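Before any comments, here is the structure.
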Amino acid sequence: MKLFVDLLPVILFFAAYKVRDIYFATLVLMVACVAQALVLYVWKKKLERSTLLTLLAVMIFGGMTLALHDPVFIKWKPTLVNWILALGFALAPFFREKSLVQAMFEKHMDMPQHTWRKLNLAWVIFFLISGIANLVVAYTLSEAAWVNFKLFGLTAMAILFMVGHYFVLQPYLLDPEPTEPPHDA
């Protein structure tokens, strides 16, 4: 369910672009991101930093796209969000006891510290490559191709990255806590 909620603004952006143009799609994206943040806040009673970062970036770059009638700003948004995430993952170990990856996943995995560092570095590299890929597509292909890449390409990259995690990290996964069987009355 959360994956659908996370992808919904991008799906709506894609659909709105197919119906009209990049400016209408940008407006739809801005509205969808606000709605997404509200839904997640009501559902989880908090917002993740990545959701707030994306919302802020969409509002700033979407607003600039609409105000200046220039799609370059919305095209840069995925790159800047990815690069800010890369920077956050890279710098966090210098300011915290644990990397961001370890803080997110340590209750599900038991790994040596050097493996946590390698995994964190993989996330930094993934975010950097995602940002670069977005710019390459934005500046070398048509606007329509970029819109397609934003939904299908970046999403596929993220899914492949996560699937790769499963196979590499499977030996470190912790068994889930056993649940008690239902009591017969």
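Descriptive notes on the structure:
- The number of residues in the range 101-119 that are touching a residue at least 24 places away in the same chain (Cβ under 8 Å) and loosely packed, with under 15 Cβ neighbours inside 10 Å comes to 3.
- Qualifying residue in the range 61-70 (condition: buried (at least 19 other Cβ atoms within 10 Å of the Cβ), hydroxyl-bearing (Ser, Thr, Tyr) and assigned to a helix (DSSP H, G or I)): yes
- Residue count for the range 127-158, restricted to those that are under 15 Å from the mean Cα position of the chain (by Cα) and without any contact (Cβ under 8 Å) to a residue 40 or more places away in the chain: 8
Residue by residue, here is whether (1) within 30 Å of Ala25 (Cα to Cα); (2) of a type in the set (Gly, Ala, Ser) holds:
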| position | (1), (2) |
| --- | --- |
| Ile74 | yes, no |
| Arg96 | no, no |
| Ser99 | no, yes |
| Leu135 | yes, no |
| Phe149 | yes, no |
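- Pick from the range 22-54, criterion among the hydroxyl-bearing types (Ser, Thr, Tyr) and closer than 17 Å to Leu66 by Cβ, ranking: surrounded by the most Cβ atoms within 10 Å (Cβ to Cβ): Thr26
- Residue that is in contact with a Phe, Trp or Tyr (Cβ under 6 Å, 6 or more places away or on another chain), modelled with pLDDT of 90 or more and either within 22 Å of Phe4 (Cβ to Cβ) or part of a helix (DSSP H, G or I) (or both), where the choices are Phe152, Phe126: Phe126
- Flag if Lys98 is surrounded by fewer than 19 Cβ atoms within 10 Å (Cβ to Cβ), closer than 26 Å to Leu174 by Cβ, under 19 Å from the mean Cα position of the chain (by Cα) and at pLDDT below 90: no
- Residue in the range 81-97 that is part of a loop (DSSP other than H, G, I, E, B) and polar (S, T, N, Q) present: no
- Taken as a whole, the range 58-67 holds no residue that is over 21 Å from Ala32 (Cβ atoms) and touching a Pro at 6+ places or on another chain (Cβ under 7 Å).
The values are calculated or read from the model by the stated rules, or taken from the named source; none is laboratory data. Since we're looking at a predicted model, the values are computed, not measured. Reconstructed Cβ throughout: ideal geometry from the backbone, glycine too, with neighbour counts over all protein chains shown.
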